[in-house]
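The structure under discussion appears below in the form of structure tokens.
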Amino acid sequence: MSARETAIAALHSRLVTSLAVRNSAPLVLRGETIPQRIPPGGIVVVRDGETVEETPILSPLAWQIEHRAEVEITAAGATPAARNTLLDALLVDIAAAIIAHRTLGEAVEWAQPGSVSFEDVEFEGAAAARAAAIPVTLWFTVAGSPLA
């Protein structure tokens with residue numbers, strides 16, 4: 001398993017564990033499409049994202065990698081206030097889970113949640129939902145080739 005894959009898997013695992021204790025736990029997926037039906041606790045999807053920067057370290061040869069994963073959150077509710085309340089609570093819990101365990105179980109050197117972007121979405125045959133995306137920057141070092 002590559003260092004990037006290990007980092008993304010650790011982020012996903014951390015969110016699954018952390019969000020499972022919520023009263024109405026969200027469905028936490030990895031790289032999947034959002035299902036047509038949104039559960040009462042919402043949906044959280046961890047996406048791979050992109051490598052932002054690779055910095056060589058020459059002695060010994062290694063690469064410092066900055067990778068940006070995306071965490072997408074979708075919340076449904078009967079009213080806009082209910083959707084916003086659930087979405088805000090999920091955003092706080094996700095940020096707290098990452099901040100409490102910055103190394104994601106030693107899978108990365110540092111994990112940092114970024115600025116949230118919001119979007120209103122509609123589902124076929126359903127009321128509107130509110131969605132947000134959080135970029136999570138993961139820093140880790142790879143010995144030898146940056147593709148390892």
Distribution output for the stretch 37-148: share of Cα-Cα pairs per 5 Å bin in percent, first bin at 0, values 2, 11, 19, 18, 14, 11, 9, 7, 4, 2, 1, 0
Cβ charges +1 (Lys, Arg) and -1 (Asp, Glu), total dipole of the chain, debye:
420
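Can you put 19, 87, 58 in order, fewest other beta carbons within 10 Å first?
Ascending number of Cβ neighbours within 10 Å: 58, 19, 87.
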Stretch in the chain that is longest and holds no GluC sites (Glu not before Pro) that DSSP places in a loop and that have at most 16 other beta carbons within 10 Å
33-105
Along its principal axes, what span do the Cα atoms of the stretch 1-94 show, with the longest given first and each in whole Å?
57, 23, 21
Cut-off 17 Å, label 7 Å out along Cα→Cβ of residue 121, residues of the stretch 6-31 by amide N
26-31
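Between residue 17 and residue 79, what is the FRET efficiency for a Förster distance of 22 Å, r being their Cβ-Cβ separation, to the nearest 0.05?
Numbers: r = 30 Å, r/R0 = 1.38.
Efficiency for this residue pair is about 0.10.
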Within the set 111, 78, 95, GNM on the chain using Cα springs under 10 Å gives the largest fluctuation to 78
Once amide H atoms are built 1.01 Å from N in the peptide plane, which residues 5 or more positions from residue 101, or in another chain, come under 5 Å H to H?
none
Rounding to the nearest 10 and keeping the result within 0 to 90°, find how far the Cα-based axis of helix 3-19 lies from the longest principal axis of the chain.
30
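Among the trypsin sites (Lys or Arg not before Pro) in the stretch 1-77, which ones are in a DSSP loop with at most 16 other Cβ atoms within 10 Å of the Cβ? Mind listing them?
Within the stretch 1-77, the qualifying trypsin sites (Lys or Arg not before Pro) (loop, at most 16 other Cβ atoms within 10 Å) are 22, 37.
Computed from the coordinates by the stated procedures, all read-outs in this text should not be read as laboratory data. All values reported here derive from a predicted model rather than from experimental measurement. Quick reminder, even Gly has a Cβ in these numbers, built from the backbone with ideal geometry, and neighbours come from all protein chains shown.
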